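Below you'll find the structure, written out as structure tokens, and then a few comments.
The values are calculated or read from the model by the stated rules, or taken from the named source; none is laboratory data. Since the model is a prediction, treat every value here as computed from it, not as a measurement. Glycine also receives a Cβ, built like all others from the backbone with ideal geometry; neighbour counts cover every protein chain displayed. Keep in mind that these areas ignore ligands, DNA and RNA; they rest on the heavy atoms of the full protein, side chains included. Shrake-Rupley method; radii C 1.70, N 1.55, O 1.52, S 1.80 Å.
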Amino acid sequence: MIDYSETRDRHPVAVELSQAAVSFGRGERAVAALQETSLKIAEGEFLALVGPSGCGKSTILKLASGLLQPSSGAVIVGGKEVSAKALRIGMAFQNPTLLPWLTIERNVMLPLKIVRPFRSQYRSKKNTEYRDRVHTLLADVGLQRFANHYPWQLSGGMLQRANLCRALVHEPSLLLLDEPFGALDQFTREELWATMQSLWMKRKPTVLLVTHDLKEAGFLASRICVMSARPGRIIDDSTVDFARPRTVPMTFEPEFTALNQRLRELIIDARTDVAEEA
């Protein structure tokens, strides 16, 4: 593992948490979900957050998206307070949530109907330029011939591919992934790791991935942050320098196995420390 923090600081910052903390409730009933946390994510970086359940990984993702405001500190996205919605954001979750009455093509096109500046031209372009944009993405993930199918006609892995297309169709500067492959079987999950890696290498959005799967983090991320048990804080921040494109056989090599073991030990130690304090 190599620390590239100095190199990273020379790139424009896409997302910055500055002493951001989150608590729920007030007074004696207040529950700290996230300790004061500072974090910078450079443009085009693929960062993974790992840690035990309830440690604040999804809280950081919600802060970056603007779905949650910090109790203290600041969240800067694209050089502005996150509430200013400075960047176009794409999101993909564990459940694809595609609308069953729309075809895959129309489901993927939905952000173009909703998000500025695309929505103002939706009527005139939905059957031309926007349709071509959707079909290009579907072709990238092997779903072009399923454009006119409905969600209930596709497998779980195919639905998640379509979900990734929908998250990317409006060319977001920031892509937020909250365990998007967690509900899939291992073989399908590994196929989608390759799909996500290919999409990122081709389009280079800034990506923030929340996952419990340490192997997934090592396969996809250019940088991994490990969080402690709640109230969460970042206890390790390191760069993943394996060559791309990464492959499943590579995950069985000694260096990759050592990375997984190191991350696992950090998380176990953090959970043990919290348990002893309790």
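Values computed for the structure shown
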quantity	calculated
Count - residues of the range 1-42 that are aliphatic (A, V, I, L, M), open to solvent by less than 50 Å² (accessible area, probe 1.4 Å) and at pLDDT below 90	3
Members of the range 153-197 found to be of a type in the set (Gly, Ala, Ser), part of a helix (DSSP H, G or I) and over 26 Å from Lys125 (Cβ atoms), listed by number	Gly156, Gly157, Ala194
Glu171 of a type outside the set (Gly, Ala, Ser) and at positive phi	yes
Tabulated pairs, the range 208-233, first farther than 16 Å from Ala270 by Cβ and in contact (Cβ under 8 Å) with a residue 60 or more places away in the chain, second hydroxyl-bearing (Ser, Thr, Tyr) and open to solvent by 10 Å² or more (accessible area, probe 1.4 Å), C-beta under 6 angstrom, 6+ apart or interchain	Val210/Ser58; Arg223/Thr239
Subset of the range 153-192 (residues that are in contact (Cβ under 8 Å) with a residue 40 or more places away in the chain, surrounded by fewer than 20 Cβ atoms within 10 Å (Cβ to Cβ) and under 21 Å from Val50 (Cβ atoms))	Glu179, Gly182, Ala183, Glu190
Test: residue in the range 61-75 that is open to solvent by 10 Å² or more (accessible area, probe 1.4 Å), among the basic types (Lys, Arg) and closer than 15 Å to Asp178 by Cα	yes
Yes/no for Glu129 being in contact with a helix residue (DSSP H, G or I) (Cβ under 9 Å, 6 or more places away or on another chain) and at pLDDT below 95	no
Scan of the range 25-74 for residues that are under 16 Å from Ile89 (Cβ atoms) and without any contact (Cβ under 8 Å) to a residue 60 or more places away in the chain, ordered by number	Lys62, Leu63, Gly66, Leu67, Leu68, Gln69
Condition met for Asn127 (in contact (Cβ under 8 Å) with a residue 12 or more places away in the chain, assigned to a loop (DSSP other than H, G, I, E, B) and loosely packed, with under 13 Cβ neighbours inside 10 Å)	no
Candidate set from the range 137-152 (those that are assigned to a helix (DSSP H, G or I) and either basic (Lys, Arg) or closer than 12 Å to Arg166 by Cα (or both)); member that is most open to solvent (accessible area, probe 1.4 Å)	Arg145
Any hit, the range 157-173, residues being over 30 Å from Ser23 (Cα atoms), of a type in the set (A, V, I, L, M, F, W, C) and in contact with a Gly (Cβ under 6 Å, 6 or more places away or on another chain)	yes
Candidate set: the range 43-83, residues that are at pLDDT 90 or above and in a helix (DSSP H, G or I); chosen: the one nearest to Glu265 (Cα to Cα)	Lys57
Whichever residue in the range 43-60 is open to solvent by less than 70 Å² (accessible area, probe 1.4 Å) and out of contact with any Leu (no Cβ under 8 Å at 6 or more places or on another chain) and, among such residues, is nearest to Pro231 (Cα to Cα)	Cys55
Unique match (being open to solvent by 40 Å² or more (accessible area, probe 1.4 Å), assigned to a helix (DSSP H, G or I) and at pLDDT 95 or above) among Thr251, Thr247, Thr257	Thr257
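Here is a yes/no grid of residues against (1) assigned to a loop (DSSP other than H, G, I, E, B); (2) modelled with pLDDT of 90 or more; (3) more than 19 Å from Met158 (Cβ to Cβ); (4) open to solvent by less than 70 Å² (accessible area, probe 1.4 Å):
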| residue | (1), (2), (3), (4) |
| --- | --- |
| Ala86 | yes, no, yes, yes |
| Asn95 | yes, no, no, no |
| Leu99 | yes, yes, no, yes |
| Arg106 | no, yes, no, yes |
| Met109 | no, yes, no, yes |
